[in-house]
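Engineer: Structure incoming, see below.
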Amino acid sequence: MAYALAVPRAPALVTARLRESLLPIPGGIFEMGARRSTFAADLDSPRRKVKLAPFLMSPTAVTNAEYADFVATTGYRSVAEQEGWSYVFHLLLENPAAHPVSPPGLPWWRKVDGACWHMPEGPGSDTSARADHPVVHITWYDALAYCTWAGLALPTEAQWERAARGGLAKRKFPWGDEFCPGGVFAMNTFQGSFPGHNSAADGWISTAPVDEFGPNGYGMFNMTGNVWEWVADRFGPLPKAARLPIADPTGPSV
């Protein structure tokens with residue numbers, strides 16, 4: 001963590017420009033989590049009442065271009081670059097058999113030497129045609145380093161979910177309950193027969209631009225689908241609340 005926090009701060013003009021792009025998310029009480037977990041290990045149920053103060057949040061994920069600016073001015077090296085490898089989804093590799101190492105029980109992820117944020121599929125790949133796509137192969141520490149440089153902060157899980165819901169309550173998606181409202185795709189997900197065939201029916205075989213598809217009611221883009229996103233909180237069982245609603249929760253302490 002010390003390495004991530006030691007990055008130089010961006011010039012005031014850069015910080016001001018980044019802050020100007022943030023959108024206001026209203027405070028208030030909302031129901032966080034799911035009524036019943038699809039996967040118990042997600043620890044996302046039961047629903048619980050949460051009270052948040054108003055906050056600001058970026059309408060999009062950090063792009064490859066934005067992360068490249070950060071690296072160019074700080075010389076920061078991501079965890080994947082330091083370790084020398086990262087996992088890549090097998091269908092994105094020209095020859096998956098050349099990369100036989102996978103995490104236990106997850107054969108669709110393959111260990112690729114050299115894969116990192118600027119070589120997403122390993123050596124020979126780049127992000128030149130994906131400047132407006134979300135940066136990938138980023139650990140929590142890498143995200144913290146970017147926020148430290150930018151003079152910003154990762155949202156808490158509660159803030160992220162409040163922003164993701166876009167003002168709607170008890171809905172499956174940021175736009176409502178239909179996966180494809182009106183028969184039109186509203187997010188970038190795997191289409192076809194997982195994990196062997198992705199039809200790309202939604203228009204994208206891998207990541208999509210950060211502002212692809214329509215925004216939700218708070219102006220946030222791609223709050224479901226596309227990529228996983230980091231929050232400030234630790235992951236784990238939530239502590240019992242002495243009273244409800246829980247005010248501005250910051251997640252488990254350990």
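Engineer: If only one of 251, 236 is touching a helix residue (DSSP H, G or I) at 6+ places or on another chain (Cβ under 8 Å) and modelled with pLDDT under 95, which one is it?
Structural biologist: The unique qualifying residue is 251.
Engineer: Out of (1) touching a residue at least 60 places away in the same chain (Cβ under 8 Å); (2) open to solvent by 20 Å² or more (accessible area, probe 1.4 Å); (3) of a type in the set (A, V, I, L, M); (4) part of a strand (DSSP E or B), what's the single condition that is false for residue 136?
Structural biologist: Status for residue 136: all satisfied but (4).
Engineer: Consider only pairs whose beta carbons are under 7 Å apart and that are at least six residues apart or on different chains; among these, list those whose first residue lies in region 23-48 and is over 18 Å from residue 168 (Cα atoms) and whose second residue is of a type in the set (Asp, Glu).
Structural biologist: The qualifying pairs are 37/44.
Engineer: State the number of residues belonging to region 229-254 that are part of a loop (DSSP other than H, G, I, E, B), open to solvent by less than 60 Å² (accessible area, probe 1.4 Å) and in contact (Cβ under 8 Å) with a residue 24 or more places away in the chain.
Structural biologist: Number satisfying all stated conditions: 8.
Engineer: Restricting to region 195-228, name every residue that is under 15 Å from the mean Cα position of the chain (by Cα), open to solvent by less than 70 Å² (accessible area, probe 1.4 Å) and not aliphatic (A, V, I, L, M).
Structural biologist: Passing the criteria: 206, 207, 209, 212, 221, 222, 224, 225, 226.
Engineer: Please state which of the following conditions residue 149 fails to meet, knowing it meets all the rest: (1) under 17 Å from the mean Cα position of the chain (by Cα); (2) assigned to a helix (DSSP H, G or I); (3) closer than 30 Å to residue 6 by Cβ.
Structural biologist: Only one criterion is unmet by residue 149, namely (1).
Engineer: Then there is this: From (1) surrounded by fewer than 19 Cβ atoms within 10 Å (Cβ to Cβ); (2) among the polar types (S, T, N, Q); (3) farther than 22 Å from residue 195 by Cα, pick out the condition that doesn't hold for residue 63.
Structural biologist: Among (1) surrounded by fewer than 19 Cβ atoms within 10 Å (Cβ to Cβ); (2) among the polar types (S, T, N, Q); (3) farther than 22 Å from residue 195 by Cα, the lone unmet condition for residue 63 is (1).
Engineer: Pick from 169, 129: which is modelled with pLDDT under 95, on the phi < 0 side of the Ramachandran plot and surrounded by fewer than 16 Cβ atoms within 10 Å (Cβ to Cβ)?
Structural biologist: Criteria check complete, one pass: 169.
Engineer: Looking at (1) out of contact with any Cys (no Cβ under 9 Å at 6 or more places or on another chain); (2) open to solvent by 60 Å² or more (accessible area, probe 1.4 Å), which one does residue 93 not meet, given that it meets all the others?
Structural biologist: Here residue 93 clears every test but (2).
The values are calculated or read from the model by the stated rules, or taken from the named source; none is laboratory data. These numbers were taken from a predicted model, which means no experiment stands behind them. Here Cβ is always computed from backbone atoms with ideal geometry, including for glycine, and neighbour counts include all displayed protein chains. SASA here: full protein model, heavy atoms, side chains in, ligands and nucleic acids out. Shrake-Rupley method; radii C 1.70, N 1.55, O 1.52, S 1.80 Å.
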